[in-house]
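Enquirer: This is the structure I have questions about; it appears just below.
The values are calculated or read from the model by the stated rules, or taken from the named source; none is laboratory data. Every value quoted in this text rests on a predicted model; they were computed, and no experiment measured them. Heads up, the Cβs are rebuilt from the backbone with ideal geometry, glycines too, and the neighbour counts pull from every protein chain shown.
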Amino acid sequence: MLNNDLHRLLRRQLRKANLNDFDNPQLADFLSTINDAYKSFDKDISHIENILELSSKELFAANQKLINERDTTKTKLKNLVDNIGGVIFETDMDGNFTFLNNAWEKYSGYNIEKTLGKNFKDFLIGKNIEGDRDFHELFSKKQKRIEFIFKHKKNNKSMWFELKSKLIKDNNGLPVGFIGTIIEVTDLKETEIQLQKASKSKDEFLSTMSHEIRTPLNAVTGLTNILLMEDYLPEQVENLKALKYSGEHLLGLINDLLDFNKIKSGKLKLVEKDFSLNYFLENIKSHFVLRAEKKGVVFNVTKENDIPDNIIGDKLKLTQIVKNLLSNSLKFTEKGSIVLSVKNLGINKNKISLKFKVVDTGIGISKSRQDSIFESFMQANSETSIKYGGTGLGLSISKKLLNLQKSDLKVESQLGYGATFSFIITYKVSNRLNLYEPNMIKMQPNYEPLNINVLIAEDNKMNVLILKRFFLKWKVNYKVAENGQEVLELLKDSDLDFDLVLMDLQMPILDGYETSKIIRNMSDISKSNIPIIALTAFAQTDIKEKAKRYKMNGFMGKPFSPEKLYVLLKSYSNNTLNEQVI
């Protein structure tokens with residue numbers, strides 16, 4: 001019989017082998033060894049089972065903890081997403097919504113469940129999207145990031161929102177949709193709109209005030225010029241010159257304020273064209289040499305290192321900068337000299353760097369004041385404004401004009417020993433061999449009679465009086481119309497033939513713009529092509545461009561100088577070849 005103390009597995013194997021009885025002591029020892037091994041294995045199995053049971057309990061507890069943490073995090077995230085101030089959304093690549101938080105219902109007024117699966121285009125109106133955005137390209141696969149502002153109406157109330165989204169990709173790097181936010185920016189947008197309205201109102205106010213000031217100023221300077229052209233008593237010459245200087249000085253102050261406003265509002269743009277640097281310097285010299293001589297100051301222009309003749313840049317702004325610097329030096333220099341120098345610093349990739357420097361022997365600027373002089377409405381000290389006048393805008397405007405062209409204005413000075421203002425500016429080198437410079441036309445012409453018939457469209461009696469006095473001197477034939485309707489009636493008169501129309505833009509009944517538009521659409525080609533020069537005392541920045549849009553041939557601001565007016569008329573007269581003046 002098998003011993004019951006044997007391991008159950010060993011007994012089973014012995015029964016299968018029919019070894020129920022055995023007397024061999026060696027076999028008994030062998031079976032005892034096997035039996036001990038089986039029992040030892042059982043103990044190991046039991047130990048492992050205990051370990052596994054404990055591990056299973058730990059894993060279960062850890063898993064439960066992870067599930068709880070996941071659920072807690074999910075709840076927190078859901079609460080956070082649902083209570084966040086803006087809309088959080090996801091779409092597929094076609095723009096169909098796959099996720100929206102509760103803010104969607106608050107701002108849009110649409111149910112989330114009914115919205116999911118629908119396309120974003122169903123909720124946007126193209127005209128309500130700010131800026132020039134192609135509606136069909138929004139959420140395109142080509143776009144990695146999208147930002148725009150749009151307007152939405154809810155309960156007849158307009159609200160503004162900013163949408164930001166980015167493309168999302170799967171693990172393989174393939175685009176699968178978009179994720180983004182929609183945040184209400186109504187207060188910010190309304191503030192921006194109010195600021196724009198305020199800025200527009202300010203511009204309109206400045207423009208209107210400019211017109212109102214320039215109109216009587218035109219009469220002052222115009223009549224002064226006429227008196228200087230006529231016979232006057234010797235003792236009157238100083239008074240007339242003082243009157244002319246005062247008028248021109250007032251005009252300069254107005255222009256400074258308007259330029260400053262344009263720069264501050266960001267409306268000033270660069271207009272780069274070919275121009276002759278040599279002609280430019282000659283004009284500057286001719287403009288300042290006489291003024292310097294009258295004051296007893298020597299003025300000179302020097303050039304270093306082979307200055308190129310023709311360059312490409314904004315000549316008008318360079319002129320304004322240099323004239324501001326020279327006028328400033330002339331104002332504060334009682335004796336000695338003023339030198340404008342231009343140095344070629346080298347050409348690189350068809351671009352030339354030029355260093356302009358204005359050196360004077362004037363009153364100088366103390367070290368403590370050298371930074372503040374570039375601030376708006378600031379001068380070296382309060383006594384400077386009282387003694388020398390001015391707005392303190394010249395240097396500030398010059399610095400800002402240079403900053404616009406990626407340059408800067410520097411000053412070196414010592415009180416009582418003059419000042420040096422300098423700047424380095426880069427221009428393109430022009431390939432043109434020579435340039436015709438209309439500014440080189442003699443600005444003090446011999447006033448010979450002009451063979452020209454002019455139609456004056458002007459409702460201001462004083463302006464008409466000034467033009468009449470000029471035209472009388474120059475033997476110019478003219479007719480006067482006080483509004484656009486009268487202009488059209490005179491042009492339709494077959495007995496009258498005009499070479500030029502001086503068109504005031506602000507007239508009653510029919511203004512200059514509409515009158516010009518009607519003229520350009522006349523069936524009579526000779527009438528429809530008549531040259532029209534816009535005249536205005538307004539200072540809006542878009543006047544010149546608007547005049548061009550209405551197909552006017554040129555523009556002249558008021559008050560105008562007799563020299564410029566004469567040159568303009570001469571260019572359209574039968575004395576010379578007709579040339580377009582702008």
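Enquirer: Tally time: how many residues in segment 156-189 are in contact (Cβ under 8 Å) with a residue 24 or more places away in the chain and not in a strand (DSSP E or B)?
Expert: 4
Enquirer: Mind counting the residues in segment 71-113 that are in contact with a strand residue (DSSP E or B) (Cβ under 6 Å, 6 or more places away or on another chain), at pLDDT 75 or above, in a helix (DSSP H, G or I) and β-branched (Val, Ile, Thr)?
Expert: Result for segment 71-113: 1.
Enquirer: So, restricting to helices (runs of 4 or more DSSP H) that lie completely within segment 477-528, which ones have at least 2 residues that are in contact with a strand residue (DSSP E or B) (Cβ under 9 Å, 6 or more places away or on another chain) and aromatic (Phe, Trp, Tyr)? Give the derivation first.
Expert: Working: elements: 484-492, 512-520, 525-528.
Passing ranges: none, list empty.
Enquirer: In the list Leu54, Leu124, Leu116, which residue meets the criterion of being at pLDDT 80 or above and within 30 Å of Pro175 (Cβ to Cβ)? Before the answer, list the steps.
Expert: On the way: Leu54 fails: within 30 Å of Pro175 (Cβ to Cβ); Leu124 fails: at pLDDT 80 or above.
Only one candidate qualifies: Leu116.
Enquirer: Pick out the one residue from Leu14, Leu27, Leu2, Leu10 that is at pLDDT below 75, surrounded by 12 or more Cβ atoms within 10 Å (Cβ to Cβ) and not hydroxyl-bearing (Ser, Thr, Tyr).
Expert: Details: Leu14 fails: at pLDDT below 75; Leu27 fails: surrounded by 12 or more Cβ atoms within 10 Å (Cβ to Cβ); Leu10 fails: at pLDDT below 75.
Exactly one residue qualifies, and that residue is Leu2.
Enquirer: Tell me, yes or no, whether segment 547-558 has at least one residue that is of a type outside the set (Phe, Trp, Tyr), assigned to a loop (DSSP other than H, G, I, E, B) and within 15 Å of Asn218 (Cβ to Cβ). Let's see the steps before the verdict.
Expert: Step one: of segment 547-558, the residues of a type outside the set (Phe, Trp, Tyr) are 547-549, 551-554, 556-558.
Within this subset, residues satisfying the condition of being assigned to a loop (DSSP other than H, G, I, E, B) are 551-553, 558.
This time we only want the ones that are within 15 Å of Asn218 (Cβ to Cβ), so: 558.
There is at least one residue in segment 547-558 that is of a type outside the set (Phe, Trp, Tyr), assigned to a loop (DSSP other than H, G, I, E, B) and within 15 Å of Asn218 (Cβ to Cβ).
Enquirer: Another one. Checking Tyr550 against (1) at pLDDT below 80; (2) in contact with a helix residue (DSSP H, G or I) (Cβ under 7 Å, 6 or more places away or on another chain); (3) surrounded by 18 or more Cβ atoms within 10 Å (Cβ to Cβ), which single condition isn't satisfied?
Expert: Condition (1) is where Tyr550 drops out.
Enquirer: On to the next question. Among the listed residues Asp360, Asp309, Asp314, which satisfies the condition of being in contact (Cβ under 8 Å) with a residue 40 or more places away in the chain, among the acidic types (Asp, Glu), within 16 Å of Leu402 (Cβ to Cβ) and in the same structural domain as Leu402 (by TED's automatic domain parsing)?
Expert: Values: Asp360 fails: within 16 Å of Leu402 (Cβ to Cβ); Asp309 fails: within 16 Å of Leu402 (Cβ to Cβ).
Being in contact (Cβ under 8 Å) with a residue 40 or more places away in the chain, among the acidic types (Asp, Glu), within 16 Å of Leu402 (Cβ to Cβ) and in the same structural domain as Leu402 (by TED's automatic domain parsing) holds for just one of Asp360, Asp309, Asp314, which is Asp314.
Enquirer: Tell me, please, whether a residue that is surrounded by 10 or more Cβ atoms within 10 Å (Cβ to Cβ), over 15 Å from Ile179 (Cβ atoms), among the acidic types (Asp, Glu) and free of Cβ contacts under 8 Å to residues at least 24 places away in the same chain can be found in segment 54-69. Don't jump to the end; show me each part of the working.
Expert: Narrowing segment 54-69 to residues surrounded by 10 or more Cβ atoms within 10 Å (Cβ to Cβ): 54-69.
Next cut, over 15 Å from Ile179 (Cβ atoms) only: 54-69.
Filter again for among the acidic types (Asp, Glu), leaving 58, 69.
Right, trim to free of Cβ contacts under 8 Å to residues at least 24 places away in the same chain and you get 58, 69.
The answer is yes, given that some residue of segment 54-69 is surrounded by 10 or more Cβ atoms within 10 Å (Cβ to Cβ), over 15 Å from Ile179 (Cβ atoms), among the acidic types (Asp, Glu) and free of Cβ contacts under 8 Å to residues at least 24 places away in the same chain.
Enquirer: So, in segment 337-368, of the ones that are assigned to a loop (DSSP other than H, G, I, E, B) and not polar (S, T, N, Q), which residue ends up farthest from Leu395 (Cα to Cα)?
Expert: Kept after step one, since they are assigned to a loop (DSSP other than H, G, I, E, B), are these residues of segment 337-368: 349-350, 361-366.
Filter once more, so that each one left must be not polar (S, T, N, Q): 349, 362-365.
On the way: Lys349: 31, Gly362: 16, Ile363: 16, Gly364: 14, Ile365: 13 Å.
By that ranking, first place goes to Lys349.
Enquirer: Restricting the search to segment 146-163, which residues are surrounded by fewer than 17 Cβ atoms within 10 Å (Cβ to Cβ) and under 23 Å from the mean Cα position of the chain (by Cα)?
Expert: Glu147, Phe148
Enquirer: Mind checking which residues of segment 513-528 are in contact with a Ser or Thr (Cβ under 8 Å, 6 or more places away or on another chain) and surrounded by 12 or more Cβ atoms within 10 Å (Cβ to Cβ)? Outline the logic, then answer.
Expert: First pass over segment 513-528, keeping only residues in contact with a Ser or Thr (Cβ under 8 Å, 6 or more places away or on another chain): 519-522.
Answer for segment 513-528, where residues must be in contact with a Ser or Thr (Cβ under 8 Å, 6 or more places away or on another chain) and surrounded by 12 or more Cβ atoms within 10 Å (Cβ to Cβ): Ile519, Arg520, Met522.
Enquirer: Looking only at residues in segment 461-482 that are buried (at least 19 other Cβ atoms within 10 Å of the Cβ) and under 43 Å from the mean Cα position of the chain (by Cα), which one is nearest to Ser516 (Cα to Cα)?
Expert: Out of the qualifying residues, it is Ala481.
Enquirer: Would a scan of segment 341-357 turn up a residue that is within 18 Å of Glu412 (Cβ to Cβ), of a type in the set (Ser, Thr, Tyr) and surrounded by 17 or more Cβ atoms within 10 Å (Cβ to Cβ)?
Expert: Of segment 341-357, the ones within 18 Å of Glu412 (Cβ to Cβ) are 341-343, 345, 355-357.
If we keep only those that are of a type in the set (Ser, Thr, Tyr) too, we end up with 341.
Checking which are surrounded by 17 or more Cβ atoms within 10 Å (Cβ to Cβ) leaves us with none.
Checked against the condition, which is being within 18 Å of Glu412 (Cβ to Cβ), of a type in the set (Ser, Thr, Tyr) and surrounded by 17 or more Cβ atoms within 10 Å (Cβ to Cβ), segment 341-357 yields no hits at all.
Enquirer: Something else now. Picking from Met378, Met443, which residue would you name as being modelled with pLDDT under 65, touching a Lys or Arg at 6+ places or on another chain (Cβ under 8 Å) and aliphatic (A, V, I, L, M)? Full working, then the answer.
Expert: Numbers: Met378 fails: touching a Lys or Arg at 6+ places or on another chain (Cβ under 8 Å).
Met443 is the lone residue from the list that is modelled with pLDDT under 65, touching a Lys or Arg at 6+ places or on another chain (Cβ under 8 Å) and aliphatic (A, V, I, L, M).
Enquirer: In segment 186-221, what residues are crowded, with 17+ Cβ neighbours inside 10 Å and modelled with pLDDT of 75 or more?
Expert: The answer is Lys189, Leu217, Val220, Thr221.
Enquirer: Can you name the condition, by its number, that Glu334 falls short on among (1) at pLDDT 85 or above; (2) touching a Ser or Thr at 6+ places or on another chain (Cβ under 7 Å); (3) assigned to a loop (DSSP other than H, G, I, E, B); (4) at negative phi?
Expert: Tallying (1) at pLDDT 85 or above; (2) touching a Ser or Thr at 6+ places or on another chain (Cβ under 7 Å); (3) assigned to a loop (DSSP other than H, G, I, E, B); (4) at negative phi, Glu334 fails exactly one: (2).
Enquirer: For Glu147, which of the numbered conditions (1) modelled with pLDDT of 85 or more; (2) part of a strand (DSSP E or B) fails to hold?
Expert: (1)
Enquirer: Within the group Asp493, Asp497, Asp504, which residue is touching a residue at least 24 places away in the same chain (Cβ under 8 Å) and surrounded by fewer than 14 Cβ atoms within 10 Å (Cβ to Cβ)? Show your work before the answer.
Expert: Values: Asp493 fails: touching a residue at least 24 places away in the same chain (Cβ under 8 Å); Asp504 fails: surrounded by fewer than 14 Cβ atoms within 10 Å (Cβ to Cβ).
The unique qualifying residue is Asp497.
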